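Undergrad: First the structure, then my questions, so here it is.
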Amino acid sequence: MDGKERPRSTPEQAHAQMDHLIALGIVAQHHMAQRLGLNVTDLTCMGFILEAEGAQQPLTAGDLAQRANLTTGAITGVINRLERAGYARRRNDPNDRRRVHVVADATAAERLHDAYGTNYRRIAELFADYTPQEIAVLNDCLTRATTIITTSLEETRTTRNN
């Protein structure tokens, strides 16, 4: 598969487009959360829960609090709301009865996939328009940008706590 001719762009244009994508993503998450009967923090936490399960590493409540930058008290409220809405549940750690893992309800992934399905298909179609080499560049860029944003988030957490 030959690559398509792509329009030239500058790093500044790419950065501006990434900023726009992030902003639109935030707005879209608010709308999706509302559609699913959640708030955006709960939806974000549900994403973390599903991501961890996909990696076969279920999260503890403390892990989830750290990822979401929430206190343990606040994460308790999130987990309670996700349980009431039927998206998640607590499961005791078989090796340590004091630990509790937060796991997705059996239907949660399907419910979220149904809600996001059209968007997932459109993104898949978008990626299908790129060569494997271009996908590798896109993946590298997105992975490295995620690392930069993660580092920035950690820095703001540290600065805020000092």
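The numbers here are math on the coordinates, done by the rules we state, and not lab data. Bear in mind that the values here come from a model prediction, so they are computed numbers and not experimental data. When we count neighbours, we look across all protein chains shown, and the Cβ atoms used for this are built from the backbone with ideal geometry, even at glycine.
Undergrad: Could you give the length gained on full extension between T159 and A106, defined as 0.36 nm per residue of separation minus the Cα-Cα distance, in nm?
TA: Going from the current span to full extension adds 15.2 nm.
Undergrad: List the residues whose amide H sits under 5 Å from the amide H of A88, counting only those 5 or more places along or on another chain, with H placed 1.01 Å from N in the peptide plane.
TA: Counting only residues 5 or more places away or on other chains, the set is E83, D105.
Undergrad: Can you tell me the length gained on complete extension of the stretch V40 to I135, counting 0.36 nm per residue apart and subtracting the Cα distance?
TA: Here the segment from V40 to I135 would lengthen by 31.3 nm.
Undergrad: Can I ask one more? Could you bin all the Cα-Cα distances of the chain into 5 Å bins starting at 0 and give me the percent of pairs in each, rounded to whole numbers?
TA: Answer for the chain: a P(r) of 1, 7, 12, 17, 18, 16, 13, 8, 5, 2, 1, 0 percent.
Undergrad: Counting trypsin sites (Lys or Arg not before Pro) as exposed when in a DSSP loop with at most 14 other beta carbons within 10 Å, what is the longest stretch of the chain free of them?
TA: 9-162
Undergrad: Is it possible to state the helix-based mean residue ellipticity at 222 nm for the chain, with each DSSP H run of 4+ residues giving -39500 (n - 2.57), the sum divided by total residues, to the nearest 500 deg cm²/dmol? What is it?
TA: -23500 deg cm²/dmol
Undergrad: Next question. Percent relative contact order of the stretch 12-162, based on C-alpha pairs within less than 8 angstrom and at least six residues apart?
TA: 16
Undergrad: Here's something else I'd like to know. Quick one: if you stick a label point 7 Å off each Cα along the C-beta vector at R84 and T150, how many nm between them?
TA: Rounded to a tenth, the inter-label distance reads 3.3 nm.
Undergrad: Tell me the net charge near V137. Cut-off is 12 Å between Cβ atoms, V137 excluded, with +1 for each Lys or Arg and -1 for each Asp or Glu.
TA: The answer is 0.
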